[in-house]
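The values are calculated or read from the model by the stated rules, or taken from the named source; none is laboratory data. Quick caveat: nothing in here was measured; it's all calculated off a predicted structure. Please note: Cβ atoms are built from the backbone with ideal geometry, for glycine as well, and neighbour counts cover all protein chains shown.
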Amino acid sequence: MSPLVAGLLQTGILLTALAVVYRPLGDYMARVFTAKGHLKAERAIYRFARINPDAEQKWSTYAYGVLGFSFVGIVFLYVVQRVQSLLPFGFDRGDIGPGMAFNTAISFVANTNWQSYVPEAVMGHAVQMIGLTVQNFVSAAVGLAVAIALVRGFVRHQTDRLGNFWVDLVRGTLRILLPIAFIGAIVLIAFGVTMSLKSGVDVDGQVVANAPVASQEVIKELGTNGGGVLNANSAHPFENPGEWTNLIEIFLILVIPVALTRTFGRLAGDRKQGYVLLSVMGVIWTAMLAVIWAAEANGIRPLEGKELRFGIPGSALFANATTGTSTGAVNSLHDSYTGLGGGAALLNMLFGEMTPGGVGTGLYSILVMAIIAMFLAGLMVGRTPEYLGKKLGRKEVTAAAVSILAMPTVLLIGAGIAAVLPSTQGALNNPGEHGLSEILYAYASASNNNGSAFGGITVTNDWFQSSLGLCMLFGRFVPIVAVLALAGSLAAQKKVPVTAGTLPTTGPLFATLLTGSIVLVAALTFVPALALGPIAEALL
Amino acid sequence: MTTKPGLAAALPEALKKLDPRHQLRSPVMFVVWAGSLLVTVFAVTDPSVFTIAVAAWLWFTVLFANLAEAVAEGRGKAQADSLRRTKKDAVARLVDGDVVAGTELKIGDLVVVEAGEVVPGDGDVVEGIATVDESAITGESAPVIRESGGDRCAVTGGTTVLSDRIVVRITTKPGESFVDRMIALVEGAERQKTPNEIALTILLSTLTIIFLLAVVALQPFAIYSGGEQSVVVLTALLVCLIPTTIGALLSAIGIAGMDRLVQRNVLATSGKAVEAAGDIDTLLLDKTGTITWGNRRATEFIPVGPTSDETLVAAARLASLADDTPEGRSILELAGGEPASEHEKTGEFVPFTAQTRMSGIDLGERSIRKGAASAFELTDTAREIVDEISAQGGTPLVVAENDHSGNGKVLGIIRLSDVVKPGMRERFAELRAMGIRTVMVTGDNPLTAKAIAEEAGVDDFLAEAKPEDKMALIRKEQEGGRLVAMTGDGTNDAPALAQADVGVAMNTGTSAAKEAGNMVDLDSDPTKLIEIVEIGKQLLITRGALTTFSVANDLAKYFAILPAMFAAIYPALDRLNIMHLATPQSAILSAVIFNALVIVALIPLALKGVRYRPSSASALLRRNLLIYGLGGVVTPFAGIWLIDLLVRLIPGIG
């Protein structure tokens, strides 16, 4: 079978699998967040945490919940790393230093999973299991909760209540992430992913590091986290042994962000509203896949930095899925990609992670972009702009603008300073335009909470640890607060009835408009910087 | 081109607006202003042809923006000046005999105005009846009748009483009168940003921040790459990227939108109301006078007694020959429309007066009159016909003739009845395409109402409507989230006018109605509402279209400036120079010049507004995206290329 046919077949299988689960999973998630009753386990949690699950919250209370929960998560993760030597399964790997612990704590709570460390040399199983993996679940559930709160903002009217953060968090974790992760882990084990509490395994007299991989591998992909238990991430045979696990992992990366468009359509009372978002995500995702695939297939050294068992299509698919969502797991070295291929992976992140984006974050990011697009479009049809029956006025535009501004702001400031720091020259493997691509990629990855590493850059000095940490922090929580404020002001509004004068948001015209807006905003913001990195590289 | 003289006249005003305090009102233009200052510093300390040229054109950019605003304001000022001339220093005679200056009147003062005198302030007629010349305000030369009680009691300060004597109760303070408000409005003195304008300004500021970041961050990347850029070049790039086109024209668009309304003789109390007009979902239209001519069209001649058809028609025609009212004209039309002969022209026209309630002609010994039924003594037969016409919802007009001996004789009755105005059906279809539902409001019984509603093609009707029904209907529509517009003139319309999102009061209406609405139509033409909606929409579309155009322009500017900046360090980037601009300096300067000139080029569009044709939202968006989106991408490629052909000839640039 030629690589092209094999690649198309893999893509076909992946898309078919996504199509099969799209409706049931999307509908199921819609039911999860609208169901009245609570599970027994949930009641126990609410009782223990003294939460009244039937009390709904204002947007500000909801936001305090998100911030408070995340802050506690960061503190807990930081402390656990700093006292690793007191914990079991540490294998004498010692306490983690403050810079790395700070960076890692933010990284996992912000659903970024940027890793400035070599896991098998630094992190013991205890920190992995009670610290990092827990955040892999709950940080994804936080994203999910915020997205649902925004959808409620559109759906509800004349209320200041957006639901209960704790209930959404618990339901997202217990009813969505845990069951799928449980089944997924067993499937991965069946396909050869390892699961062990030992620190290593003897292979022909050589000790190869090992860990409880499968249980973390599955949520690493499903929660669009991306932080591997082994340094080689999904390129490691223990994490990703073959073509099938590769496909399953790509499927897990995409499944929730994709199905959430269905959930959105269901909750909005018009499934077409979800399909149109899916189509926009799909068009951009497919186009970027084609670019990466073609660029890599025609590269000078096409297989450099790629696993032979995945080949070019398997690597391109994974790279496109991991950067198009906020996952950041890798099965190949993006640093070795061509100027165009690597640039496309970078651009995927610069779109703002909405094709299809991370768990929850993808949906709320594309909805924010839709608001900006509909504001301009609304003016052009001569009415006060509206979207999904809600008027887009001063408050809504401000919140959407803040949400969109956060990422480019921290990215450009961080990368700009890094580019001229003398210490940076020593951290880069490559000079010139490729070196700039490495810097840009690192800050894009952190600011978009992607977490994938281009590689080729050593990020362990204090500047990188702290600046990338802050990029992750602001890149995650500024948009979240803005999105919740947006949800609050939307929910407070009356519903505008649909008339013949309403601009329809389900057809190809809207899809084109939204696609154009996503591409244009990213292009206008980043073309100058990209010109000196990937564009210069690609034009050589 | 009417803008040329306007531009020159506006120049001094535009220069005054270079004041930074003024620039701060538009974040986008403030950035350009600050950039111009920065580049000027470099042009002075380290002069070169390029730096000086860039500095000059950056200042032109600011100046052109000021010019756009000044031109728009200038138009308003011209109107304000002509209004001010109408504000004569009237002297007010109080009922108790005191004489005070018009500027010292208080609310509630009772003043006497007689023929030839100017009404000293806005108020209601509380005693008497008079003909009033309102041409100073409305531009309409025909005098109007103002009488105490009823819906025609309001008089406006500055108008002139032509006949009779009235007592007016003053209803507004001096300085807050109708004319004062109108002057303030057209001068833009009280102009506040409208909600959509504020939201758009936030979006434009966001774009400016993004580009500021992108350009500021570019310097360290350039330093890293070994191609540090000059502040002049970076500033030029920044100004080209931020949405200067819309930033420069935004306030002009707003002022011009208000101006268009004033040109159509409509006064809005706020820009917010104009914007709301574009959002209207439901239009409440009074049947009479709006959808139909009212009972004002002659549809039948009914002879009484021995009179023949021909005699009645001839008499009716004669009586209406010099009658310029719509009724008179419609009688002439129905009678065949033959113009007056030389002999007939010698006749003496007797105009309608409020007392006689009839008009006619004295021709030789004949004396023919037509008028309201109550002004004549009628026979039983005639009375029956009159009553029947009235019962059918029409208006009877009696025609009578006095012979030489002075014996009056009723010849017959003219039936005036409701006729739907031509073109209404098409207008309602247009409104429907725009997504606006029309509801006809009438006092008629449901059967009559239904027939007319069908004929006119309105979407719905409210029959046997009382003022409170109208109010209930507005509330119901608004509860569903719809925005409602209506017109009204009577005092009993006032609550509904206040409740409606857009309430247009007729100038002929009462002070209460004018106070309650947020717009006043000086022509008292209820169909004006449709035009108001279109102006509101056009205002928003112009803003949206120019924003899209402005942002779409950036693509070409990247292609011009980025290769110019970096081809020296990465020769491969020269492949992006698809316009083949001569040198880096000529490329950057051409982009800056284009950016400035496009503002001037678009001033006429900003003032006139983007062409608006009623159609569905999708069709509108598709059209505007094509013209202003795609057009915005293509135009600068051609423009910058052309400018470069000239700029490259300058020594030190090319």
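Filter segment B:366-402 down to residues that are hydroxyl-bearing (S, T, Y) and in contact (Cβ under 8 Å) with a residue 60 or more places away in the chain and give me whichever is nearest to B:K287 (Cα to Cα).
Taking the candidates together, the pick is B:T395.
What residue, among those in segment B:383-398 that are farther than 18 Å from B:P303 by Cβ and in a helix (DSSP H, G or I), is modelled with the lowest pLDDT?
It comes out as B:A391.
Which condition number does A:G426 fail, the rest of (1) within 11 Å of another protein chain (Cβ to nearest Cβ); (2) over 27 Å from A:K220 (Cα atoms); (3) part of a helix (DSSP H, G or I) being met?
Condition (1) is where A:G426 drops out.
Condition first: out of contact with any Gly (no Cβ under 9 Å at 6 or more places or on another chain) and either more than 7 Å from chain A (Cβ to nearest Cβ) or surrounded by 23 or more Cβ atoms within 10 Å (Cβ to Cβ) (or both). Now tell me which residues in segment B:216-233 satisfy that.
Selection gives B:A222, B:G227, B:E228, B:Q229, B:S230, B:V231, B:V232, B:V233.
So for segment B:85-93 (the condition being surrounded by 14 or more Cβ atoms within 10 Å (Cβ to Cβ), within 30 Å of B:A596 (Cβ to Cβ) and of a type in the set (G, A, S)), does at least one residue qualify?
No: zero hits.
When segment A:76-113 is examined, which residues are found to be out of contact with any Phe, Trp or Tyr (no Cβ under 6 Å at 6 or more places or on another chain) and among the polar types (S, T, N, Q)?
Hits for segment A:76-113 are A:Q81, A:Q84, A:S85, A:N103, A:T104, A:N111, A:T112, A:N113.
Checking the structure you have, find out if any residue of segment A:399-419 is surrounded by fewer than 21 Cβ atoms within 10 Å (Cβ to Cβ) and more than 26 Å from the chain's Cα centre (by Cα).
No - not one qualifying residue is present in segment A:399-419.
Quick check on this structure: which one of B:T40, B:T61 is without any contact (Cβ under 8 Å) to a residue 60 or more places away in the chain, part of a helix (DSSP H, G or I), of a type in the set (S, T, Y) and at negative phi? Outline the logic, then answer.
Numbers: B:T61 fails: without any contact (Cβ under 8 Å) to a residue 60 or more places away in the chain.
Result: B:T40 is the single residue among B:T40, B:T61 that is without any contact (Cβ under 8 Å) to a residue 60 or more places away in the chain, part of a helix (DSSP H, G or I), of a type in the set (S, T, Y) and at negative phi.
Which of the residues belonging to segment B:234-244 are crowded, with 24+ Cβ neighbours inside 10 Å and in a helix (DSSP H, G or I)?
B:T235, B:A236, B:L237, B:V239, B:C240, B:L241, B:T244
Among the residues of segment B:112-152, how many are under 22 Å from B:P326 (Cβ atoms) and part of a loop (DSSP other than H, G, I, E, B)?
Summing the residues that are under 22 Å from B:P326 (Cβ atoms) and part of a loop (DSSP other than H, G, I, E, B) in segment B:112-152 gives 9.
Tell me which helices (runs of 4 or more DSSP H) are completely within segment A:59-175 and hold 3 or more residues being closer than 30 Å to A:A30 by Cβ, or say none if there are none.
Answer list for segment A:59-175: A:59-82, A:133-155, A:165-171.
Hey, which of the strands (runs of 3 or more DSSP E) in segment B:336-382, taking only ones fully inside, have at least 3 residues that are among the hydrophobic types (A, V, I, L, M, F, W, C) and surrounded by 14 or more Cβ atoms within 10 Å (Cβ to Cβ)?
Filter on segment B:336-382 gives B:358-363.
For segment B:428-445, which positions are out of contact with any Lys or Arg (no Cβ under 9 Å at 6 or more places or on another chain), buried (at least 19 other Cβ atoms within 10 Å of the Cβ) and aliphatic (A, V, I, L, M)?
Residues satisfying the conditions are B:I436, B:V439.
Testing B:I202 on (1) in contact with a Leu (Cβ under 8 Å, 6 or more places away or on another chain); (2) at the interface with chain A (Cβ under 8 Å from one of its Cβ atoms); (3) under 17 Å from A:R394 (Cβ atoms), one condition comes back false. Which one is that?
Unmet for B:I202, out of (1) in contact with a Leu (Cβ under 8 Å, 6 or more places away or on another chain); (2) at the interface with chain A (Cβ under 8 Å from one of its Cβ atoms); (3) under 17 Å from A:R394 (Cβ atoms): (1).
Given the structure, is B:S330 free of Cβ contacts under 8 Å to residues at least 24 places away in the same chain and among the polar types (S, T, N, Q)?
no
Within segment B:571-579, does at least one residue satisfy the condition of being touching a helix residue (DSSP H, G or I) at 6+ places or on another chain (Cβ under 7 Å), within 12 Å of chain A (Cβ to nearest Cβ), surrounded by 24 or more Cβ atoms within 10 Å (Cβ to Cβ) and assigned to a helix (DSSP H, G or I)?
Checked against the condition, which is being touching a helix residue (DSSP H, G or I) at 6+ places or on another chain (Cβ under 7 Å), within 12 Å of chain A (Cβ to nearest Cβ), surrounded by 24 or more Cβ atoms within 10 Å (Cβ to Cβ) and assigned to a helix (DSSP H, G or I), segment B:571-579 yields no hits at all.
Can you pull out every residue in segment B:540-570 that is over 45 Å from the mean Cα position of the chain (by Cα) and away from chain A (no Cβ under 11 Å)?
If the condition is that a residue be over 45 Å from the mean Cα position of the chain (by Cα) and away from chain A (no Cβ under 11 Å), then B:A564, B:A568 are the ones that fit.
At least 3 residues that are within 13 Å of chain B (Cβ to nearest Cβ) and of a type in the set (A, V, I, L, M, F, W, C) in each: list the helices (runs of 4 or more DSSP H) lying fully within segment A:301-410 that qualify.
A:361-380
Which condition does B:V600 not pass, out of (1) without any contact (Cβ under 8 Å) to a residue 40 or more places away in the chain; (2) not in a loop (DSSP other than H, G, I, E, B), if it passes all the others?
(1)
Can you spot a residue in segment A:161-178 that is of a type in the set (F, W, Y), buried (at least 23 other Cβ atoms within 10 Å of the Cβ) and touching a residue at least 40 places away in the same chain (Cβ under 8 Å)?
Scanning segment A:161-178 turns up at least one residue that is of a type in the set (F, W, Y), buried (at least 23 other Cβ atoms within 10 Å of the Cβ) and touching a residue at least 40 places away in the same chain (Cβ under 8 Å).
Can you say whether B:G254 is more than 10 Å from chain A (Cβ to nearest Cβ), touching a helix residue (DSSP H, G or I) at 6+ places or on another chain (Cβ under 7 Å) and modelled with pLDDT under 95, as far as the supplied structure shows?
Taking the combined requirement at face value, the residue satisfies it.
Hey, any hits in segment B:171-192 for a residue that's farther than 29 Å from B:D489 by Cβ, within 14 Å of chain A (Cβ to nearest Cβ) and either crowded, with 24+ Cβ neighbours inside 10 Å or not acidic (D, E) (or both)? Can you show your working first?
First pass over segment B:171-192, keeping only residues farther than 29 Å from B:D489 by Cβ: none.
The answer is no, given that none of the residues of segment B:171-192 is farther than 29 Å from B:D489 by Cβ, within 14 Å of chain A (Cβ to nearest Cβ) and either crowded, with 24+ Cβ neighbours inside 10 Å or not acidic (D, E) (or both).
Out of (1) part of a helix (DSSP H, G or I); (2) within 13 Å of chain A (Cβ to nearest Cβ), the odd one out for B:I280 is which?
It fails just one condition, (1).
Can B:A582 be described as more than 14 Å from chain A (Cβ to nearest Cβ) and surrounded by fewer than 24 Cβ atoms within 10 Å (Cβ to Cβ)?
It is true that B:A582 is more than 14 Å from chain A (Cβ to nearest Cβ) and surrounded by fewer than 24 Cβ atoms within 10 Å (Cβ to Cβ).
For the subset of segment A:3-40 comprising residues that are assigned to a helix (DSSP H, G or I) and loosely packed, with under 11 Cβ neighbours inside 10 Å, which member is modelled with the lowest pLDDT? Spell out the reasoning first.
Start the filter on segment A:3-40 by keeping residues that are assigned to a helix (DSSP H, G or I), which leaves A:3-32, A:40.
Restricting the remaining residues to those that are loosely packed, with under 11 Cβ neighbours inside 10 Å gives A:5, A:12, A:16, A:19-20, A:40.
Working: A:V5: 91, A:G12: 96, A:T16: 97, A:A19: 97, A:V20: 97, A:K40: 95.
So, considering only residues that are assigned to a helix (DSSP H, G or I) and loosely packed, with under 11 Cβ neighbours inside 10 Å, the one modelled with the lowest pLDDT is A:V5.
Out of B:A601, B:A513, report the one residue that is surrounded by 24 or more Cβ atoms within 10 Å (Cβ to Cβ) and of a type outside the set (S, T, Y).
B:A513 is the lone residue from the list that is surrounded by 24 or more Cβ atoms within 10 Å (Cβ to Cβ) and of a type outside the set (S, T, Y).
Quick check, is B:V266 away from every other protein chain (no Cβ under 14 Å) and hydrophobic (A, V, I, L, M, F, W, C)? Spell out how you get there, then give the answer.
On the way: away from every other protein chain (no Cβ under 14 Å): yes; hydrophobic (A, V, I, L, M, F, W, C): yes.
Considered against the rule, which asks whether it is away from every other protein chain (no Cβ under 14 Å) and hydrophobic (A, V, I, L, M, F, W, C), B:V266 comes out as yes.
Which of the residues spanning segment B:296-335 are assigned to a loop (DSSP other than H, G, I, E, B), farther than 14 Å from B:G371 by Cα and not hydrophobic (A, V, I, L, M, F, W, C)?
Within segment B:296-335, B:G305, B:P306, B:T307, B:S308, B:D324 meet the criteria.
Among the residues of segment A:152-211, write down those that are aromatic (F, W, Y) and over 21 Å from A:Q57 (Cα atoms).
Of everything in segment A:152-211, those that are aromatic (F, W, Y) and over 21 Å from A:Q57 (Cα atoms) turn out to be A:F182, A:F191.
For segment B:606-630, how many residues are more than 22 Å from the chain's Cα centre (by Cα), surrounded by 17 or more Cβ atoms within 10 Å (Cβ to Cβ) and under 24 Å from B:F64 (Cβ atoms)?
3
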